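Structure first, commentary second.
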Amino acid sequence: MANLGIPQNTIEVLQKYKFNFQKKFGQNFLIDPNVLNKIMDSAEITKEDCVLEIGPGIGTMTQYLAERAREVVAVEIDKALIPILEDTLSAYDNVTVINEDILKVDINRLVEEKNGGNPIKVVANLPYYITTPIIMGLFESGVPLKSITIMVQKEVADRMQEGPGTKEYGALSLAVQYYAEPKVVANVPPNCFIPRPNVGSAVIRLTRYEQPPVQVQDEKHMFALIRASFNQRRKTLMNGLGNAGGLQVSKEQVAAALEQMGLPATVRGETLSLEQFAQLSNILLSK
Ligand code: SAM
């Protein structure tokens, strides 16, 4: 099958199968060989790798992955794409396509079956409507991972990279930076896709840390604290956390912890680093 990175070949496949794009599935297919090669190079795919692709579409990036990786597992929700993928990937015997919703797949089991439980790479042009649950699901369920290299909305890529004191900084930045080192590797304009998305896109590589960069007694507690802080972004931490149901801390306890950390009582969550959130969580838990 011809290289689908070339726009004319994608158009031919879409016409042959009279494919109707499903907006609800976030379908924007890549039609730029330079971008596809850039993604392969950034993910450093080699014949040793087992790769999970989320949302193969008509199989464009899957073809590039199949050429470079040892094994590719591609999970696609839209059943109308399955016969197309059988056709466009017929030349490869190292690709398995699974017709499922990625949010319902037991990825740990898949990694066990396909790669003996050894770390995989995730590479995807993600459906933008579920970017955050996909990334958080991969990290929080402890899937053995080397890296995640993904196309996302540009604004979301920025959020993952930002540090304290910017308006993009938030719960997603902290969660990503706890598990991985983020690096934006390319900005991708709408004309590299069919149909064109309404937003700019970026490719970001998240390289999984072997050990988190901060010491925290209870990850769940720290993330509950982070979520509560950014849910009430405009409030001081003392007022925001003191009110938050579920955390069971009083204003006074927050005030005492902030004082112990040498921070002013008026401080807001958006100015705290990951290290400071870890410290705050550890102090509050020790009380
Ligand atoms: N990889 C292809 C490419 O680059 O041309 C398609 C990328 S397109 C942005 C996203 C793909 O994810 C679509 O094929 C869509 O049907 C699929 N998708 C959407 N939601 C999904 C889900 N919950 N689970 C698995 N695949 C999903």
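The values are calculated or read from the model by the stated rules, or taken from the named source; none is laboratory data. Everything numeric here is computed off the predicted structure, so don't read it as measured data. With ideal geometry, Cβ positions are generated from the backbone for all residues, glycine too; neighbour counts draw on all protein chains shown. The area values use the complete protein model at the heavy-atom level, side chains included, leaving out ligands, DNA and RNA. Shrake-Rupley method; radii C 1.70, N 1.55, O 1.52, S 1.80 Å.
Just to confirm a number: summing +1 for Lys and Arg and -1 for Asp and Glu over residues other than P213 whose beta-carbon lies under 9 angstrom from that of P213, what do you get? Counting the neighbours of P213, the net charge comes to -2.
In terms of the mean number of neighbouring beta-carbon atoms within 10 Å, the peptides 176-186, 17-27, 202-212 order highest first as 176-186, 202-212, 17-27. Here r is the Cβ-Cβ distance between V267 and L103 and R0 is 51 Å; the resulting FRET efficiency, rounded to 0.05, is 0.90. Taken one residue at a time, the phi angles of region 88-95 give Karplus couplings (6.51, -1.76, 1.60, θ = phi - 60°) of 6, 10, 4, 7, 10, 9, 10, 10 Hz. Gly and Pro are set to x. Per-residue Karplus couplings for region 122-139, computed as 6.51 cos²θ - 1.76 cosθ + 1.60 with θ equal to phi - 60°, are listed in order as 9, 9, 6, 9, 6, x, 5, 6, 10, 4, 5, x, 5, 5, 5, x, 4, 6 Hz, Gly and Pro entered as x. Taking 0.36 nm per residue of sequence separation and removing the Cα-Cα distance, the E155/I82 pair yields an extension gain of 23.2 nm.
The listed peptides 274-281, 112-119, ordered by packing as a protection proxy, come out as 274-281, 112-119 (highest mean of other Cβ atoms within 10 Å first). Amide hydrogen proximity for Q27: with H placed 1.01 Å from N in the peptide plane, the residues at 5 or more positions away or on another chain lying under 5 Å are Q22.
The 3J(HN,Hα) values that the Karplus relation (6.51, -1.76, 1.60; θ = phi - 60°) gives for region 23-28 are, in residue order, 4, 5, 9, x, 8, 9 Hz. Gly and Pro appear as x.
Under the convention that each Lys and Arg Cβ holds +1 and each Asp and Glu Cβ holds -1, the size of the dipole of region 7-208 around its Cα centre is about 420 debye. According to the Cα-based calculation, Rg over Rh for region 153-260 is 1.08, with Rh computed by the Kirkwood formula. Simple spin-label estimate for R234 and L285 gives 3.3 nm between the two label positions (7 Å along the Cα-to-Cβ direction from each Cα).
Principal semi-axes of the equivalent ellipsoid, √(5λ) from the alpha carbon gyration tensor of region 219-286, are 14, 13, 12 Å from largest down.
Residues in region 7-208 average 44 Å² of solvent-accessible surface per residue, probe 1.4 Å, ligands and nucleic acids excluded. Distant-in-sequence amide contacts of A74, defined by a placed amide H-H separation under 5 Å and a gap of 5 or more residues or a different chain, comprise E53, T96, V97, I98.
Calculated mean residue ellipticity at 222 nm for the chain: -11500 deg cm²/dmol, from DSSP H runs with n ≥ 4 weighted as -39500 (n - 2.57), summed, divided by the residue count and rounded to 500. Separation of region 25-85 and region 163-201, taken as the distance between their Cα centroids, equals 20 angstrom.
Think of each Lys and Arg Cβ as +1 and each Asp and Glu Cβ as -1; about the Cα centre, that makes the dipole of region 10-65 roughly 460 debye. The amide H of L145, built 1.01 Å from its N in the peptide plane, has I120 as neighbours under 5 Å, considering only residues 5 or more places off or on other chains. Rounded to 0.05, the FRET efficiency of the K183 and E210 pair, given R0 = 22 Å and the Cβ-Cβ distance, is 0.85. Using C-alpha pairs under 8 Å with a sequence gap of at least 6, the mean separation divided by the residue count of region 81-151 gives a relative contact order of 34 percent.
Based on alpha carbons, the Rg and Dmax found for the chain are 21.2, 67 Å. Would you work out what percent of the accessible area of region 171-281, with all protein chains in place, is carbon or sulfur (probe 1.4 Å)? Percent of accessible area from carbon and sulfur atoms in region 171-281: 45. Can you pull the one-decimal nm distance between simple spin-label points at H221 and A2, each 7 Å off the Cα toward Cβ? Label at H221, label at A2, 6.1 nm between them.
Surface analysis of region 219-286 yields an accessible area of 50 Å² per residue, using protein heavy atoms and a 1.4 Å probe.
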